[in-house]
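Encoded as structure tokens, the structure appears first; notes follow it.
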Amino acid sequence: MLKITEADGFAGVRTEGGTSVIDLTDHDGAERLTVAGPLLSPPKENIAWRDRRAMGRALRTLGHLLDAAAIGVPLLLSGFVSDNVVSKGVVTLFVLVVTVLLWPTHRRGRHLIAPSEGLLSLAGRVAIAPVVTWSILAAVRLPQGLAVSRMLDVVAITQIVVVTFPLVLIGRVISYRIWTHARSRGYDLEDTLIVGAGPTGVEIAEALADNPHAGLVPCGFVDRFEAEGVDLPLVGHPEDLPAIIAATGVRRVVIAFGGVPERELVDIVRRCRGLGAQFFAVPRLFELGVSAGELGHEVDGLPLVNVASHDERELRAKRVFDVVVSAALLVLTAPVMIACAIAVKLTSRGPVFFRQVRCGIGGVPFEILKFRTMKVNDDSATQWSVDDDDRVTSVGRIMRPSHLDELPQLFNVLRGDMSLVGPRPERPHFVEQFSSEVNGYDHRHRVPVGITGWAQVNGYWGDTSIERRVRLDNRYIENWSIWRDFVITIRTLPTLFGKRR
């Protein structure tokens with residue numbers, strides 16, 4: 001979790017006359033930053049705020065329970081549960097599968113998905129649920145002699161879908177009505193900062209205020225000038241955004257540009273990662289019909305794109321993926337690693353393994369492990385390696401193009417120093433150099449470094465363009481998922497003997 005300290009200019013937050021005041025220290029000395037009143041008070045002191053969020057969690061739970069009830073109860077009471085069709089165990093599995101498939105279809109970010117809006121998605125997920133259920137049963141029960149024809153009974157699947165879909169739709173209508181009514185009464189709403197006090201920011205503020213079903217309540221602007229035509233305070237300057245979020249506990253931020261250059265704005269948003277705030281962005285040129293797509297929604301015709309963020313649960317899932325896959329790869333590649341170790345020892349003087357300090361997540365140094373492919377050299381920490389480097393050994397010229405020298409890094413993954421997929425780690429000397437020379441280089445350290453990455457599978461490794469590698473690394477971070485890690489891991493295999501850019 002990122003924390004704002006005195007070193008960042010954050011001195012504290014207090015209340016004066018019902019108004020929250022954040023003390024920030026800038027280069028010109030102490031500056032008092034006045035923030036909107038009760039809406040922006042620290043969350044521990046705001047009981048109503050906690051009640052609103054608790055109601056939101058309760059409504060989400062209610063929606064999932066209605067889904068499960070709409071699926072399971074009618075099936076259990078109907079003629080589907082019999083020895084001739086399906087058992088109670090199969091119905092239970094089917095209910096679980098449908099519930100999981102329908103889980104993300106209640107909301108998209110903060111946007112409530114109306115039953116009519118998500119009709120095709122609901123139908124598709126309900127239709128595929130029996131196939132998924134029967135596939136699981138096939139994998140579990142085929143060894144026991146269960147016939148494929150019985151599990152793939154088209155008639156039974158059709159009957160289940162015909163019964164289930166209307167009931168799920170009815171449950172969704174009930175859930176949606178309850179949810180929208182609760183939001184109209186002030187529940188399940190999130191106070192929202194708008195970065196950008198220009199015309200677009202004002203439009204967003206008015207649209208959110210007029211549409212409480214969006215779940216976002218505008219409470220202030222962040223910009224270098226005040227907004228015109230709307231009664232919302234200027235909370236602070238864009239560079240103060242991390243301190244404001246940390247002090248007030250605001251969890252929703254809409255990026256509406258304003259008077260901040262885009263490159264600077266990207267840097268500010270990335271510094272806010274880890275503070276628990278969810279960001280939305282208004283696409284440039286949205287007036288020309290640029291839509292929010294699947295990652296966002298519209299409020300009064302204004303598209304809001306959900307900016308991806310990763311919480312602790314996702315990072316734990318990534319860690320589980322790393323441990324399982326790296327352990328399996330260590331077992332599978334053990335014979336190759338033994339052969340590499342023998343070859344290194346027999347063909348050159350020095351240790352089998354090469355150890356070097358690299359910078360990991362957050363810039364924290366760790367010792368990376370590789371098979372030694374160069375002659376022993378004390379300048380390796382500050383000297384850049386190139387293709388025709390005369391320090392490379394004869395075995396190294398074979399191992400380096402195929403990346404066999406990097407197999408010991410699987411031990412770094414098991415130890416937690418690295419991930420399987422992520423930006424490649426670099427030496428502290430070059431991290432310091434590139435951070436000052438290449439825009440966005442230091443942003444690469446927001447996630448664990450990796451053995452392979454999005455830049456590598458696109459042909460950028462070794463002595464290639466740092467700028468392009470940085471762009472690809474940051475693109476990976478912004479769009480990370482377990483599935484993306486899996487795809488990159490698979491795509492790494494054909495690049496082992498491929499060419500660089």
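The values are calculated or read from the model by the stated rules, or taken from the named source; none is laboratory data. Here the structure is a predicted model, which is why all the values come from computation and not from measurement. FYI the Cβ positions are ideal-geometry reconstructions off the backbone, even for glycines, and counts take in every protein chain you see.
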Pro408 fails exactly one of (1) at pLDDT below 90; (2) more than 26 Å from Val269 (Cα to Cα), namely (1)
Every listed condition ((1) at pLDDT 80 or above; (2) farther than 22 Å from Leu407 by Cβ) holds for Ala455 save (2)
Within the range 435-471, of all residues that are surrounded by 19 or more Cβ atoms within 10 Å (Cβ to Cβ) and of a type in the set (A, V, I, L, M, F, W, C), the one nearest to the chain's Cα centre (by Cα) is Val447
Within the range 129-152, the count of residues that are surrounded by 15 or more Cβ atoms within 10 Å (Cβ to Cβ) and either at pLDDT 65 or above or touching a strand residue (DSSP E or B) at 6+ places or on another chain (Cβ under 7 Å) (or both) comes to 7
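Of all residues in the range 113-128 being of a type in the set (Gly, Ala, Ser) and modelled with pLDDT under 75, which is farthest from the chain's Cα centre (by Cα)?
The initial filter retains those residues of the range 113-128 that are of a type in the set (Gly, Ala, Ser), namely 114, 116, 118, 121, 123-124, 127.
Next, only the ones that are modelled with pLDDT under 75 stay: 114, 116, 118.
Details: Ala114: 25, Ser116: 28, Gly118: 23 Å.
Per the criteria, the residue is Ser116.
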Could you please let me know if Arg400 is buried (at least 21 other Cβ atoms within 10 Å of the Cβ), part of a helix (DSSP H, G or I) and either of a type in the set (Lys, Arg) or not assigned by TED's automatic domain parsing to the domain that holds Val269 (or both)?
-> yes
Scanning the range 344-357 residue by residue, those without any contact (Cβ under 8 Å) to a residue 40 or more places away in the chain and either hydroxyl-bearing (Ser, Thr, Tyr) or surrounded by fewer than 13 Cβ atoms within 10 Å (Cβ to Cβ) (or both) turn out to be Leu346, Arg349, Pro351, Arg355
Note: among Val395, Val421, Val364, Val413, just one is buried (at least 16 other Cβ atoms within 10 Å of the Cβ), among the β-branched types (Val, Ile, Thr) and at pLDDT below 90, namely Val395
ask   = Taking the stated definitions as given, is Met418 in contact with a Pro (Cβ under 7 Å, 6 or more places away or on another chain), in the same structural domain as Cys340 (by TED's automatic domain parsing) and on the phi < 0 side of the Ramachandran plot?
value = yes
Considering the range 310-343, residues that are over 30 Å from Thr373 (Cβ atoms), surrounded by fewer than 17 Cβ atoms within 10 Å (Cβ to Cβ) and not hydrophobic (A, V, I, L, M, F, W, C), and then whichever is modelled with the highest pLDDT, we arrive at Arg316
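Anything in the range 488-497 that is surrounded by 14 or more Cβ atoms within 10 Å (Cβ to Cβ) and at pLDDT below 90? List them, or say none.
We begin by selecting, within the range 488-497, every residue surrounded by 14 or more Cβ atoms within 10 Å (Cβ to Cβ); these are 488-489, 491-492, 495.
Once the filter is applied, which keeps residues that are surrounded by 14 or more Cβ atoms within 10 Å (Cβ to Cβ) and at pLDDT below 90, the range 488-497 yields Thr489, Arg491, Thr492, Thr495.
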With respect to Tyr476, is the statement that it is part of a helix (DSSP H, G or I) and either in the same structural domain as Val344 (by TED's automatic domain parsing) or closer than 27 Å to Cys340 by Cβ (or both) true?
yes
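Identify, from the list Ala197, Ala277, the residue that is among the small types (Gly, Ala, Ser) and more than 21 Å from the chain's Cα centre (by Cα).
After ruling out the rest, the residue left standing is Ala197.
Here is a list: Ala281, Ala207, Ala256. Which entry is touching a residue at least 24 places away in the same chain (Cβ under 8 Å) and surrounded by 24 or more Cβ atoms within 10 Å (Cβ to Cβ)?
Details: Ala281 fails: surrounded by 24 or more Cβ atoms within 10 Å (Cβ to Cβ); Ala207 fails: surrounded by 24 or more Cβ atoms within 10 Å (Cβ to Cβ).
The conditions single out Ala256.
Counting only residues that are crowded, with 17+ Cβ neighbours inside 10 Å, farther than 15 Å from Arg251 by Cβ and among the hydrophobic types (A, V, I, L, M, F, W, C), how many does the range 215-229 have? Can you show your working first?
Narrowing the range 215-229 to residues crowded, with 17+ Cβ neighbours inside 10 Å: 215-223, 227.
Those still in the list that are farther than 15 Å from Arg251 by Cβ too: 221, 223, 227.
Those still in the list that are among the hydrophobic types (A, V, I, L, M, F, W, C) too: 221, 227.
Final tally of qualifying residues: 2.
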